[in-house]
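Heads up, the thing below is written out as structure tokens.
What follows draws every value from the coordinates through simple rules; no lab data is involved. Keep in mind that what you see is a predicted model, and the values were worked out from it rather than measured. In this analysis, Cβ positions are derived from the backbone assuming ideal geometry, glycine residues included, and neighbour counts consider all displayed protein chains.
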Amino acid sequence: MKDKKLTVAVVGAVLAAAVICAQAVADKPKAKDMTSKTAESSVTTNDNGSVSRVFTESTVTTNGNMVTERRRETRTNMDMEGNILETSTSEYAQSYPVGDDGVVPLAAQKSQEDGKPTGNADSFLGLKFGDTFSSTNFVEDADDPDFLRATFKPKKPLDGFDDYYVYVTPKTHKVARIYACAKEPIEGYAGGRRHYLIEALEKRYGTWARLCSWWKPNYQFEIGPYRHVRACLADASQSYSTIIVAWDDAVGSQAVQEKEEQREAARKTAAERRGQRVSAAADAF
């Protein structure tokens with residue numbers, strides 16, 4: 001279990017918000033032409049002092065029932081003095097249909113069964129963020145030292161998925177992150193449509209997916225204030241082909257605080273023990 005690395009990034013630097021505009025088609029009330037644009041920029045300082053800048057522009061265009069996603073990423077590497085060493089640009093695009101009625105805001109859609117709004121941002125795979133998770137198989141994860149990890153089995157497992165993990169706060173065991181992992185690719189691109197898991201997540205949480213990678217199917221969902229879902233459907237890690245992770249930033253911050261409290265308590269205990277040993281040795285001398 002320890003050799004399975006869950007390498008799905010869950011934090012990004014977003015420096016520009018989305019700009020959304022919509023224009024209704026007169027003879028088809030439910031069909032809408034919409035364009036959504038986002039821009040993100042990140043700066044990384046390398047060990048040798050050089051600086052890497054990445055600027056990403058994403059556009060989602062809806063024309064009736066056809067959606068086209070485009071992503072353009074520009075990478076610039078500079079030396080310590082600001083001289084440009086290398087510049088490269090990558091682009092990614094895909095199109096898919098979304099149904100005969102076109103795209104309507106998911107938040108406004110109603111469930112056909114009970115007439116209530118779709119989605120529930122409080123939980124994922126049956127686990128509620130912030131709830132206490134009881135387990136006897138908690139382990140520490142070297143990649144996420146601020147959390148404890150445990151395996152679990154949801155009441156309704158996903159087809160084709162092998163392992164499920166929950167990450168909790170170290171003292172109070174509050175649910176902060178939930179993972180669903182599949183070793184083999186999950187089939188689902190039939191008929192040129194998007195993967196059914198992406199459509200299922202959109203329906204579940206009442207929000208549109210945002211493509212966040214130019215070279216593989218990696219999507220992110222903003223399911224609520226400080227709550228997110230990331231779905232990577234191919235080459236997610238060395239151990240898994242597909243990983244879907246949901247997390248709560250507030251509970252994650254609580255985990256960091258609890259871990260620091262534990263470290264401080266451990267440092268205090270170690271100092272007291274050392275003082276006792278010094279006194280005992282001094283008496284013996």
*Kindly flag which residue pairs out of K128/K268; K156/K183; K216/K259; K155/K259; K37/K174 have an alpha-carbon separation exceeding 27 Å in this structure.*
K128/K268; K216/K259; K155/K259; K37/K174
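Packing-wise, with mean Cβ within 10 Å as the measure, how do 140-153, 38-51 rank, highest first? Before the final figure, lay out the partial values.
Numbers: 140-153: 15.4, 38-51: 12.4.
My ranking of the peptides, most packed first, is 140-153, 38-51.
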*Give, as a single signed number, the net charge of other residues whose beta carbon lies under 15 Å from the beta carbon of S50, with Lys and Arg counted +1 and Asp and Glu -1.*
-2
*asked:* Compute, for the stretch 143-185, the length of the dipole vector about the Cα centre, with Cβ point charges of +1 (Lys, Arg) and -1 (Asp, Glu) only. Units Debye, rounded to 20.
replied: 340 debye
*FRET efficiency for S123 and K268, Cβ-Cβ distance as r, R0 = 35 Å, nearest 0.05?*
0.40
*Give the Rg/Rh ratio for the stretch 202-248, taking Rg as the radius of gyration of the Cα atoms and Rh as the Kirkwood radius, to two decimals.*
0.99
*By average Cβ neighbour count within 10 Å, what is the ranking of 195-201, 81-87 from highest down?*
195-201, 81-87
*Note the full-extension length gain between F285 and V51 as 0.36 nm times their separation in residues minus their Cα-Cα distance, in nm to one decimal.*
78.6 nm
_Paramagnetic label zone (point 7 Å from Cα along Cα-to-C-beta, Y226; backbone N under 13 Å) in the stretch 119-151_ = 130
*With charges only on Cβ, +1 for K and R and -1 for D and E, what is the dipole size of the stretch 134-263 about its Cα centre, in debye, rounded to 20?*
440 debye
*Please work out how much length the chain gains when fully extended from S42 to A142, using 0.36 nm per residue of separation minus the C-alpha to C-alpha distance, in nm with one decimal.*
33.4 nm
*Ranked highest first by average number of other Cβ atoms within 10 Å, how do 272-282, 251-261 line up?*
251-261, 272-282
